[in-house]
Amino acid sequence: MPVPKGSTLDPERTRATIIQAATAVLYERGLDGIGVAELCARIGVSKETLYRHFGTKDGLVQAVLKARSERVTHWLVKAVSDAGDDPRDQLAAVFDALQQWYDGPLFRGCAMLNAAAQHHVEAVRAITTRHLDRYLDLLTGIADRAGAAQPHLLGRQLLMLVEGATVVAAHHDATGAGEHARQAALTLLSTAAQANPCG
């Protein structure tokens, strides 16, 4: 990527620009569906630039996944925060946000789970695990605020609904997948809160 005359190199900005460009390409094609030469051509950098900033294509893949996890987690945390203080509204907001994502023209499933399935290396699996842990923390927090007797267990069940809805939307039918999962999640939340004698 050429540097305009009179400007200076900014390694962090260059790195961020590469990650942003590579994110869309890798999500569209899959981690192993594109070679280094084509990837570099699609994102407009030389192999030397890619290797200087990331070491290898795997290094770029890991940086892309980490950045995507941060962005997606922030997006869902904001959706929950914007929903107000009621845990039911917060949980509904998670699934409403997911349904909007599923309905988008570029939706191809969860990039993290796709990566773990396509790219069997420990570093990618660790990033995927950390991403799911973030989801679990968010959902467990909602369960705790709702007064569930076992918020971690309910959070895990809600995580299964999130990921299950995403898989169904990507590989079967996106129509209403988030809405159907939301109904099941709200039923679980109500049941868990009613079952807690201290709630």
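The values are calculated or read from the model by the stated rules, or taken from the named source; none is laboratory data. Here the structure is a predicted model, which is why all the values come from computation and not from measurement. Quick reminder, even Gly has a Cβ in these numbers, built from the backbone with ideal geometry, and neighbours come from all protein chains shown. Surface areas here come from the heavy atoms of the whole protein model, side chains and all, with no ligands, DNA or RNA. Shrake-Rupley method; radii C 1.70, N 1.55, O 1.52, S 1.80 Å.
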The chain - charge dipole about Cα centre, Lys and Arg +1 at Cβ, Asp and Glu -1, debye rounded to 20: 640 debye
From phi via Karplus (6.51, -1.76, 1.60), per-residue ³J(HN,Hα) for the stretch 177-186 in Hz, x at Gly/Pro: 4, x, 5, 5, 5, 4, 4, 5, 5, 5
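So, for the chain, what is the accessible surface per residue at a probe of 1.4 Å, expressed in square angstrom? Mind dumping the intermediate values first?
Numbers: 10650 Å² over 199 residues.
Computed with neighbouring chains in place, this is 54 Å² per residue.
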Rounded tilt (10° steps) of 151-171 against the dominant C-alpha axis of the chain: 60 degrees
Spacing of the two label points (7 Å from each Cα toward its C-beta) at residue 106 and residue 49, in nm: 1.9 nm
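When the helix-only estimate is applied to the chain (DSSP H runs of n ≥ 4, each -39,500 (n - 2.57), divided by the residue count), what is the mean residue ellipticity at 222 nm, nearest 500 deg cm²/dmol?
Details: 9 runs with 150 residues, N = 199.
After summing the helix terms and dividing by residue count, I get -25000 deg cm²/dmol.
How would you rank 128-134, 180-186, highest first, on the average number of other Cβ atoms within 10 Å across their residues? Could the numbers behind the result be given before it?
Numbers: 128-134: 17.1, 180-186: 19.1.
Ranking, from highest mean packing down: 180-186, 128-134.
Which of rounded, prolate or oblate describes the stretch 148-198 when judged by the alpha-carbon gyration tensor and an a/c cut-off of 1.5? Write out the running numbers ahead of the final one.
Values: a/c = 6.01, a/b = 2.35, b/c = 2.56.
Oblate, because a/c is 1.5 or more while a/b does not exceed b/c.
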Length-normalised contact order for the chain - Cα pairs under 8 Å, 6+ apart - percent: 20 percent
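Just to verify a number: FRET efficiency for residue 152 and residue 123, C-beta to C-beta distance, R0 = 30 Å, to 0.05?
Numbers: r = 27 Å, r/R0 = 0.89.
So, using R0 = 30 Å, E works out to roughly 0.65.
Give the peptides 37-49, 16-28 in descending order of average Cβ contacts within 10 Å, highest first. List each step's numbers first, then the result.
Values: 37-49: 15.1, 16-28: 17.8.
Descending packing order for the listed peptides: 16-28, 37-49.
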